[in-house]
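Right, one structure below, let's go through it.
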Amino acid sequence: MADASTLVPLTVAVPLITAALLAAVSRWIPRRGPDLAALAAAVAVTVMSVALVVATRDTPIVYWFGGWHPVRGVALGIDFVVEPAGASLAALSGVIAVASLVFSWRYFEEVGHLYHTLVLTLLAGMVGFSLSGDLFNIFVWLELMSVAAYALCGYQIHQSGVVQGALTFAVLNTIGTLTLLMGIALVYGRTGALNLAQIGESLHGHPPGGPVIVAFTLITAGLLVKAGAVPFHFWLADAYTVVPAPVGALFAGVMSDLAYHTFARVYWDGFSDALAAHRDAVRDALLVLAVASILVGAVMALLEAELKRQVAFATVANGGLVLAGIALLTPRGLGGATMLVVVDGLLKAALFLLIAAIIQWLDGGDELLLHGRGRRRGGVLPGVLLAACGLGFALVPPFGPFLGTALAVDAAGRPWLTAVAACGAAATGAVFLRAAARIFLGWGPREDPAITREPTESREGEPEFQPNDDWKRVGHRIIMLAPPTVLVIAGYVLSLVPGVADWFTSVAHGITTPHRTAEYVLSGHLPPLPPLPHSHGHYAPGGSAWACAAGSLIGSVLLAAASLWWQRLGRVVRRVLLVPVAALKSVHDGAVGDYTLWFATGVAALGAVWTLTLR
Amino acid sequence: MIDVVQIVVLTFVALLGVAVVACRDTLRQVMVNGMFGLSLVVLFTVFEAPDVAISMAVVSNVAYPMLLLATIYRTRGRGADERERE
Amino acid sequence: MSVYPYVVAGVLFLAGLYGVVSSRNYIHAAVCLTVMQSGTYVALIALGAVSGGQAPITKGAQPGKPMADPVVQALTLTDVVVSVVALALMLALAQQSRRRGGTLDPDELARVRG
Amino acid sequence: MSRRRLRLLLFVPVAAVLAGVLMWGLVGLPSFGSPPHAYAAYLLKHEVGQRHVTNIPSAIVFDYRGWDTLGEELILFTSVMGTALLLRRGREDTGERPRDKAASAAVRHAGAFLVPVVLLLGIWTVSYGYLTPGGGFQGGLICSGAALFLWIAGSYRLHRGLTPTPLVDAAEGSGAAAYIATGLAALAAGQAFLAGFLPSGTVGSLLSGGTIALLNWATGLEVAAAGVLIFHEFLEEYIQTVPNPSPRQEER
């Protein structure tokens, strides 16, 4: 449809021009002007993205900016390749941005237009990052997202803890984008092209030489830093702890997992042909990173007391699940991963907004500090929502994350991977069940040496509030609790839509057939879609999927109980447990030099492994 | 093929780059960074990239020193912090 | 000998990375990041250079000499200017680290943070 | 052994492996000095014919890859917002700004002469950006350098007086908005976003390039305003460290 393609540039141009005009006329618009303008722009982006998802059901839309169509297979301009997967992630960014802006309507008092300008540019960066088909353009949108994120992360800069988190965030992400840029330079040197489709075509059929392998390593490392995979995840824990919660919803909800999806796109469109002979080596290396992310993220989440830091490590763990789905290099794995990005994104965004509401209502963000305070002040909904998120992460069937994980990981028929996913889900779910039990039911002890007690005040990153009589006014409470409720319900209900698993698989099939899209991008002729491999017919969660769900549910309840009352196990066990806990925590201690060393080790290891195996 | 001038300029760029990193005192580092920027300007000119040379000239010799010196003075503890401390 | 420019680019990239790992001062780390960024610029521009060539400006261009790669220059040109504002953001954070955390040393700031 | 020394010790083997991998990749690239192929070769041959602009990198920045430049410009815009946000609360509002006069007369007079020259150089670099080396980005920064000269040669009050923040804020916002509006205008004219819908004039003349000239000026305005705003933020911080000269010293 001709009209749908004009929507493509508008999804990015509308929020950007709103931000620019907000800054230009900031002095002459009424107090609530920025709020309304930002909200309108976010809603517009969401509506346009949903329209694009519908419009690109069977044929992707390729939009060439500046009207520069390719000539004889050489891409002259920059293109957006709008496929249902990318468009649905753009829609997810829009939805969470709308929820965050509605939530922060009452949340920030003296904010002026700066906050809204930065949120709008962050949204535009995310939409561009998920749709762009040009490698350098992906780098530009990544940089725009990062710059807006540095500023938003340092929003409550006058609190000392915030500075350290924002600086770690800025340094590590800058190193990540520079590594990505060096990778792009290598790819351009080798192929003379920046367009992903053209890179894929020019690398087609040739054995991957040195530059291609090292370029792929650097690009992978650059994108995985943004996604927060182990060993590049250290900055994520520090940064998401100090960021204001409405912004954290955007970060944890979509920004991190978007990097995984874009990595999948870059791999399939650009490198999957060149590295086709060594698919196993690529798959195994990525699976190692994914499993490490799941386990480290889940264990560290259990060892944290501060709610926001728990969600940060839960983001790392869920990211590991998404990476595991992508790493299997099958349409079903990628489809499950994309579904997980959407569903878990909604849950994590809801969790962040919920935590902000809890901080304002119970005047604290630390699980131990809030022991039993939720019960004394009444109000059931926050507790129910927190437990719902915990259960969601614990893969409660038949709701959202369960179907996504089953599709992504279980369908691959690797029992050990399903077991790891179950353990990760159990631990991640247990964290929030334990938090709900401790805060809203008053169970468990008030002191717990295993969980870190942040010496600084635990309201980090949140703006100061007047005494919380504000919470009493019903209107205020509705605005604060409505967005998380809507997001949790959306996250749960999405998997009940009939045929959603097959839709995500077919969408992923579109991505995993790069030749078809490349021919469409470069020559405008769309060859017919090759049929899905026979094993990928209609998908219904099988026995092992239900076993995985049951295991993770029971495991999460047991783990929650264990981590609540583990101190009753006697002095010997307690001392034995505390040693590894202290070691693991000292690794995450927050010095930029250590994190950069971990980053260098990660890139060196990945490079060495791939240099030896992909040759 | 690479000619002699390019090799000499490249050597200067590499040496000055390492010198900037090796220089721990931030004030001295600003000076070395300015020279490193200048060597990059010459390098880009020798590599036939005049636009980038102009860009690097303005950036490394106007913007970087200004930002760095302002930050170094602001964080050196003279002035404002003394007043705060009294 | 014709790989020397790429070797220099690699040296700058790694020198910047070493600078950040060993840095005791966030201002020093910020400058090391710009050195790392210069590594990518040298790599990009070296990719585009042509031996015995001239600048890709057709006004006053000598006929017969090949022209250097304009695409790489276009990418680097905008990236250099962007690096200024990225450095400005980093230095603003460094100032706040000095004022709020009382120190510019990453290790000390981490200890304060606990 | 202190944690930092342990970290440096561990970094040595890692850096060795990383250097090996990086150099193996870089060495494998086509040998230095080989002529460009594919994308760049096409542009070198056809750009002047299609866009009548003699500075090919500027044509690429503002037309072929204008969408990249939109992103880069918005990065500039966002960073300025971010810097303003991060440094907003640090300032004890000093009410009237301290008077710091450039000490020596030589600096004052040389500066007074150089400010208009540098400004002219900046404007020239922007306006001839798509004909000879230069462009909106470099010219914009040179113009912000001229504003900086006001402070170096004159005084902080003169600098702030001649570059009022509301005006510069508006200039930056409208520069970025103008860039996007040009793209939207192309969309309204029925062509693709950021398409060159204006006639591209005769080669070598100032009027050549059509939308390239428009975008060039919008970028020049935006980069100059962004530079001035960044300098404002950092000068405002620096001024905190300048001890207030007693009024008597001021009259001398």
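Annotations for the structure displayed:
- Being assigned to a loop (DSSP other than H, G, I, E, B) and surrounded by fewer than 24 Cβ atoms within 10 Å (Cβ to Cβ) is a condition met by at least one residue of the range A:159-168.
- Helices (runs of 4 or more DSSP H) enclosed by the range A:169-267 - at least 3 residues per element that are within 12 Å of chain D (Cβ to nearest Cβ): A:196-203, A:210-227
- The residues of the range C:39-65 that are more than 7 Å from chain D (Cβ to nearest Cβ), farther than 14 Å from D:Glu47 by Cβ and surrounded by fewer than 24 Cβ atoms within 10 Å (Cβ to Cβ), listed by number, are C:Gly52, C:Gly53, C:Gln54, C:Gly60, C:Gln62, C:Pro63, C:Gly64, C:Lys65.
- Residue check, A:Val140 aliphatic (A, V, I, L, M), facing chain D (nearest Cβ under 9 Å) and out of contact with any Leu (no Cβ under 7 Å at 6 or more places or on another chain): yes
- Residue check for A:Pro530: free of Cβ contacts under 8 Å to residues at least 60 places away in the same chain and more than 30 Å from A:Trp443 (Cβ to Cβ): yes
- Within the range A:579-604, considering residues that are touching a Lys or Arg at 6+ places or on another chain (Cβ under 9 Å) and outside any helix (DSSP H, G or I), the one farthest from the other protein chains (Cβ to nearest Cβ): A:Asp589
- The residue that is surrounded by the most Cβ atoms within 10 Å (Cβ to Cβ), among those in the range A:564-586 that are of a type in the set (Val, Ile, Thr) and without any contact (Cβ under 8 Å) to a residue 40 or more places away in the chain, is A:Val573.
- All conditions but one from (1) within 30 Å of A:Thr611 (Cα to Cα); (2) free of Cβ contacts under 8 Å to residues at least 24 places away in the same chain apply to A:Val384; the one that does not is (1).
- Checking A:Val47 against (1) crowded, with 22+ Cβ neighbours inside 10 Å; (2) out of contact with any Ser or Thr (no Cβ under 9 Å at 6 or more places or on another chain); (3) part of a helix (DSSP H, G or I), the condition it does not meet: (1)
- Those residues of the range A:128-151 which are hydroxyl-bearing (Ser, Thr, Tyr) and either closer than 23 Å to C:Val84 by Cα or touching a Cys at 6+ places or on another chain (Cβ under 7 Å) (or both), in sequence order: A:Ser146, A:Tyr150
- Residue count for the range A:54-78 under the criterion of being assigned to a strand (DSSP E or B) and more than 9 Å from chain D (Cβ to nearest Cβ): the result is 2.
- Hey, A:Pro244 within 21 Å of A:Ile355 (Cα to Cα), in contact with a Pro (Cβ under 8 Å, 6 or more places away or on another chain) and assigned by TED's automatic domain parsing to the domain that holds A:Ile355 or not: yes
- Counted as qualifying within the range D:122-189 are the helices (runs of 4 or more DSSP H) with 3 or more residues that are without any contact (Cβ under 8 Å) to a residue 12 or more places away in the chain, namely D:165-188.
- Residue check, A:Arg516 out of contact with any strand residue (DSSP E or B) (no Cβ under 9 Å at 6 or more places or on another chain), among the basic types (Lys, Arg) and outside the structural domain of A:Val384 (by TED's automatic domain parsing): yes
- Qualifying positions in the range C:81-95 - crowded, with 24+ Cβ neighbours inside 10 Å and within 8 Å of chain D (Cβ to nearest Cβ): C:Val81, C:Val84, C:Val85, C:Ala86, C:Ala88, C:Leu89, C:Leu91, C:Ala92, C:Leu93, C:Gln95
Residues checked against (1) surrounded by 24 or more Cβ atoms within 10 Å (Cβ to Cβ); (2) under 21 Å from A:Ile511 (Cβ atoms); (3) in contact (Cβ under 8 Å) with a residue 12 or more places away in the chain:
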site	(1), (2), (3)
A:Arg32	no, no, no
A:Ala42	yes, no, yes
A:Val74	no, no, yes
A:Ile78	yes, yes, yes
A:Ala90	yes, yes, yes
A:Ala97	yes, no, yes
A:Ser100	yes, no, yes
A:Ser130	yes, yes, yes
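- Looking across B:Gly17, B:Gly34, one residue alone is more than 9 Å from chain C (Cβ to nearest Cβ), under 16 Å from C:Thr34 (Cα atoms) and either in contact with a helix residue (DSSP H, G or I) (Cβ under 9 Å, 6 or more places away or on another chain) or not in a helix (DSSP H, G or I) (or both). It is B:Gly34.
- Verdict on D:Ala146 being more than 21 Å from D:Leu70 (Cβ to Cβ) and of a type in the set (A, V, I, L, M): yes
- Flag for C:Ala68 being closer than 15 Å to A:Ala166 by Cα, modelled with pLDDT of 85 or more and either out of contact with any Ser or Thr (no Cβ under 9 Å at 6 or more places or on another chain) or facing chain D (nearest Cβ under 9 Å) (or both): no
- Of the residues screened, A:Val609 is one that is in the same structural domain as A:Val214 (by TED's automatic domain parsing), part of a helix (DSSP H, G or I) and under 17 Å from A:Phe216 (Cβ atoms).
- Any hit, the range A:552-563, residues being buried (at least 20 other Cβ atoms within 10 Å of the Cβ) and at pLDDT below 85: yes
- Remark: pairs (first residue in the range A:272-289, in contact (Cβ under 8 Å) with a residue 24 or more places away in the chain; second residue part of a helix (DSSP H, G or I) and surrounded by fewer than 19 Cβ atoms within 10 Å (Cβ to Cβ); Cβ separation under 7 Å; 6+ apart in sequence or on different chains) = A:His278/A:Thr613; A:Ala281/A:Thr613; A:Ala285/A:Val609.
The values are calculated or read from the model by the stated rules, or taken from the named source; none is laboratory data. All values reported here derive from a predicted model rather than from experimental measurement. Note that each Cβ is placed from the backbone with ideal geometry, even for glycine, and that neighbours are counted across all protein chains shown.
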